[in-house]
Each structure stands twice: as C-alpha cells, then as structure tokens.
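> There's a structure below that I have some questions on.
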Amino acid sequence: MVGTVGAGWIGGQVMTGTQSAAEASGASGVQGSIALHSEQASSGSSDLPAVQQGTEAASARTRFVPTEVTLPSEQTASVHTATTIGGELVVPENADDIGWWDGSAYAGDPFGNTVLAGHVDDPEGPGFFGELLSVSRGDVITVNDGAEAIEYQVTEINEIDKSALASNTDTFDQRGEHQLVMITCSGAWQPDLNSYANNTVVIAEPVETQ
C-alpha cells in the first residue's frame, strides 16, 4: 500500500493551510457590478434613469475546489481535501479516492497548479489513479464540484525517482500558467521502504486555453 507523500515529494514548497495562488493575489471568481444611485433619484426625480441592478459579467472566471475527477476511461472518483502534516501530504487511505492539496490552486484559477494525488494501488488491488500509468498525451480529464466542470488535456507524462521529485519545483509551482497536475506512485516496489521507487506525474492544460 502506498504511504503518505513525504517532504521530498513537495520540494519544500507546501505549507499547511496556505491560500491558493489566486486567493493570495486577491483574484475573485465573480466580477463586481455597479448600480446607479443618487438622492435625487430616490426622491422621485425624472431627470435621472432608474436605478438598475448590475449583473455578473459573462467573462467571470469559473474556479472551484474539485470534488470529483473523471479519467479518460470515464471512471470517476471523489476528491477530498488533503493537507500536510509534518511535511507530508496525507492523501485518502482509500485507493479509490483522490486528494486535492489544499496549498495548490483551485480548478480554473488564472495561474498555479491544481495538484491531485492518489494511491496507485492497495492490498485489495489497483487504485483509481493506477490509470495514470496508461494515459496518453491528448487524453481529456475532467474535474468538477457538482455544479461546474473544467476539462483538461494531457500534455506531459513523466516518471520521476521519488528522491529527485523534490528538485522538480515546476510540479508544485503556484506562479506559472494554470495546469492540472496528477501524481501517483510507480516503478519498482521497495519492500524495505514499503513504497514504490518512483512517482508518475501527469500534467494537463485547460482545454479552453489551448
């Protein structure tokens, strides 16, 4: 059974309870609206137009914490918030569930990586993210929160030694262009460490931006 993700996995960038990149910069999912108002208008003057209620702009950005992910096989899994404890990202114990790192971007944020992680298997058999070992570039992966959904297209697949993943800071970057980053274990099983030797990292970009 795959264990928790260690401090080397996060490259020293994870801080428990940090805001997403867009929240830290003050970005908002809804644009403000403006309504006309004056004392004369409220007193019944006909010289001014009636007060009008502003509406949300059509270009308002959709952003949310993902609660479900759908892989190319059309299989779905629940996504749960995953925090760090003692420098380790603790993903759901159930290999059929996925963790969203709460220090990463929301789905749909203008920048920063949305990081999902899950077990490749457990003693009962393959885990949901075991499918990441067979995805291809161009495959589409969808995340949603029950109300909104965003599609991402796979652009990059890497297998990285766990000891080297710490130096791959792009995986956890919260400053670059927005991407979906999915991580699971792969490579040879190491009984003495009760862990696999590598991590498979799948990177996908929002379909609407390509």
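The values are calculated or read from the model by the stated rules, or taken from the named source; none is laboratory data. Here the structure is a predicted model, which means the values were calculated and not measured. Neighbour counts are summed over all protein chains in view; Cβ atoms, including those assigned to glycine, are modelled from backbone coordinates with ideal geometry.
> Can you pull out the strands (runs of 3 or more DSSP E) entirely within region 118-210 that have at least 2 residues that are over 20 Å from residue 108 (Cβ atoms) and of a type outside the set (A, V, I, L, M, F, W, C)?
The qualifying strands (runs of 3 or more DSSP E) are 149-161, 179-190, 195-206.
> Among the listed residues 77, 105, which satisfies the condition of being at pLDDT 95 or above, touching a Gly at 6+ places or on another chain (Cβ under 9 Å) and in a loop (DSSP other than H, G, I, E, B)?
105
> For residues in region 113-158 being under 30 Å from residue 191 (Cβ atoms) and among the acidic types (Asp, Glu), which is surrounded by the most Cβ atoms within 10 Å (Cβ to Cβ)?
So the residue we want is 131.
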